[in-house]
Amino acid sequence: MTTTTEEKLTHAEQNAQAWRDEITAAHEAYGFCLEEGEGKYLSQEAKAVLKAQGYDGTNHTEVAELIEEGMREAALSVEVRSGWREPGDGASMDPEEFRILPTGSGPALRIKGELNHGVPSRCWLEHQDWGTPWTFTRAKHEREVEALRWFCGLFWFGE
């Protein structure tokens, strides 16, 4: 007899997974709207996003805009910072890094990343709960990485 034990996720890990799933489903539904697809190959989660936004089979553009707006409004804060420099060196102070905070307190989730000319070039999730350090959250699939990059790209990181 073989027994498997499922690893029990902490509250912070559950929060991170839920956000990753939500962003991935929204990205899939958004892509469907842009392509004006048929939907037979959509995940149940993406279909739920479409339903929640009032998709009727014809309103692709409107639903895509609603998905985009909803994702932008999901962030509690969006911050940027530039790298270390010597004072007076004349270098540009363009943002080099960003941080988006979807949830705060316990559990908290942040999306951190690097910018290349104001556009996210890399991004990743970190979660935290009361009394624990920020912990990197690994994506399980490439589509989650693509979805996170899409989500971060919805924000303006310039002046």
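The values are calculated or read from the model by the stated rules, or taken from the named source; none is laboratory data. No experiment lies behind these values; they were computed from the predicted model shown. Don't worry about glycine lacking a Cβ; one is built from the backbone with ideal geometry, like all the others, and counts go over all protein chains shown.
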Test Glu28 against the criterion of being modelled with pLDDT of 95 or more, over 25 Å from Pro107 (Cα atoms), surrounded by 14 or more Cβ atoms within 10 Å (Cβ to Cβ) and in contact with a Lys or Arg (Cβ under 8 Å, 6 or more places away or on another chain), and give yes or no.
-> yes
Condition check for Glu68: charged (D, E, K, R), touching a strand residue (DSSP E or B) at 6+ places or on another chain (Cβ under 7 Å) and surrounded by 14 or more Cβ atoms within 10 Å (Cβ to Cβ) = no
Under the condition of being in contact with a Ser or Thr (Cβ under 7 Å, 6 or more places away or on another chain) and surrounded by 13 or more Cβ atoms within 10 Å (Cβ to Cβ), which residue from the range 77-101 is farthest from Lys51 (Cα to Cα)?
-> Asp94
Inside the range 5-25, the number of residues satisfying the requirement of being hydroxyl-bearing (Ser, Thr, Tyr) and either on the phi > 0 side of the Ramachandran plot or surrounded by 21 or more Cβ atoms within 10 Å (Cβ to Cβ) (or both) is 1
Scanning for something in contact (Cβ under 8 Å) with a residue 12 or more places away in the chain and of a type in the set (A, V, I, L, M), does the range 87-99 turn up at least one residue?
-> no
Filter the range 132-159 for residues that are assigned to a helix (DSSP H, G or I) and among the charged types (D, E, K, R); which is surrounded by the fewest Cβ atoms within 10 Å (Cβ to Cβ)?
-> Glu142
Going through the range 50-65 in order, the residues found to be of a type outside the set (Val, Ile, Thr) and surrounded by fewer than 16 Cβ atoms within 10 Å (Cβ to Cβ) are Lys51, Ala52, Gly54, Asp56, Gly57, Asn59, Glu62, Glu65
Hits in the range 33-80 - residues which are of a type outside the set (D, E, K, R), assigned to a helix (DSSP H, G or I) and more than 20 Å from Cys152 (Cβ to Cβ) = Gln44, Ala48, Leu50, Ala52, His60, Thr61, Val63
Can you confirm whether the range 53-66 contains a residue that is touching a residue at least 12 places away in the same chain (Cβ under 8 Å) and either within 26 Å of Phe136 (Cβ to Cβ) or within 13 Å of the chain's Cα centre (by Cα) (or both)?
-> no
Please work out which one of (1) closer than 18 Å to Val145 by Cβ; (2) touching a helix residue (DSSP H, G or I) at 6+ places or on another chain (Cβ under 9 Å); (3) of a type in the set (S, T, N, Q) is the condition Gln17 fails and give its number.
-> (2)
Residue list for the range 102-117, filter: surrounded by 15 or more Cβ atoms within 10 Å (Cβ to Cβ) and in contact (Cβ under 8 Å) with a residue 24 or more places away in the chain | Pro102, Thr103, Pro107, Ala108, Leu109, Arg110, Ile111, Gly113, Leu115
